[in-house]
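The values are calculated or read from the model by the stated rules, or taken from the named source; none is laboratory data. The structure displayed is predicted, hence computed values, not measured ones. Because the Cβ atoms are built from the backbone with ideal geometry, glycine has one as well, and the counts that use them run over all protein chains shown. Just the protein is used for accessible areas: all its heavy atoms, side chains included, with ligands, DNA and RNA removed. Shrake-Rupley method; radii C 1.70, N 1.55, O 1.52, S 1.80 Å.
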Amino acid sequence: SDDPAPVYLPELEEVGADACYVPAGPFESGSTSGGPRVLPAQQVWVDSFVIQRFPVSNHAYVAFLDALVDAGREQEALDHAPAERASARDGAGARVYGRDAVGHFRLVPDADGDIWDAEWPVMLVSARGAWAYASWLAEQTGLPWRLPSELEWEKAARGVDGRNYPWGDWLDPSWCCMRDSQARPLPVTPDRFPVDESVYRARHMAGNIQEWCLERSSARPEPSIDSGRLVLPPSLRAEEVVLSERTVVRGGSWYGSARDSL
């Protein structure tokens, strides 16, 4: 039959208010626009998955680091703490979180004098730190959290109809947190820029913060597709992530241009 089969959508109570269910099926991936990180235009089948509705916050990431400290894994916490990296030879510069008397992490003024809001998305985290956080969250919740594949991320952001942005095909700086949205570009809390929401309820995917994805190959950065279907790469432990290897990031950011939001 050519009639589409009904798609089961779970109740909100089943996935939680802060998670978004993306049903299995094909979607229009990529584009002919030639923007940053844009894949070739094609239709790809992606199996169903759940993605967190909001980017990981400073509050959540501090809880992860503090749990490592409390478990006697302080060096791991230090390795995964947000750090300036632009001028560091070894890929890790000055850490941007402070510490209290017992070694727990806290928000302090950064190099520009700004204090990061606890609900801002966490920034300056390495790919290895992102993997470690996802693994820790899976252990804490008993749920199989992991980083999304690039195409899972793209479907969660764009829906199935090939639109350029979560809301449609046109961009206005007032619709997502980007360089031209504010007099002084800064990240924002989850309640800001409500237009930046996909059909699956995922927020801040066109702006606010770029996000790490699952793929991590300098030789072949594109997702693996077999007979039009996404094939997920094998699962890795955080310590297996090679910092010098290219790891895919997607999404726009608070300091990015309109072109970066594609």
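Here are the numbers:
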{"read-out": "Sequence-distant residues sharing a close amide H with ALA83 (under 5 Å, placed H)", "value": "VAL96"}
{"read-out": "Proximal charge balance of TRP116 [Cβ under 14 Å; K/R count +1, D/E count -1]", "value": "-4"}
{"read-out": "Segment TRP170-GLN182, extension gain: residue separation times 0.36 nm, minus the distance between their alpha carbons", "value": "2.4 nm"}
{"read-out": "Contour excess over end-to-end distance, with Cα ends at ALA63 and ASP18 and 0.36 nm allotted per residue", "value": "14.5 nm"}
{"read-out": "3J(HN,Hα) from dihedral phi, the range 197-205, Karplus parametrisation 6.51/-1.76/1.60, rounded to Hz, x for glycine, proline", "value": "9, 7, 5, 9, 5, 5, 10, 6, 9"}
{"read-out": "Cut-off under 5 Å, modelled amide H: who pairs with SER29 long-range", "value": "GLN42, GLN43, VAL44"}
{"read-out": "Which of HIS59, HIS204 is most accessible, then next, and so on - probe 1.4 Å", "value": "HIS59, HIS204"}
{"read-out": "Whole-Hz ³J(HN,Hα) from phi, Karplus 6.51 cos²θ - 1.76 cosθ + 1.60, for the range 160-175, glycine and proline x", "value": "10, 9, x, 4, 6, 10, x, 9, x, 9, 10, 10, 10, x, 7, 8"}
{"read-out": "Built amide H within the under 5 Å cut-off of SER57, gap 5+", "value": "VAL122"}
{"read-out": "Förster radius 35 Å - calculated FRET efficiency between ILE115 and VAL195 (Cβ-Cβ, nearest 0.05)", "value": "0.80"}
{"read-out": "Accessible-area ranking of ASP191, ASP110, largest first, probe 1.4 Å", "value": "ASP191, ASP110"}
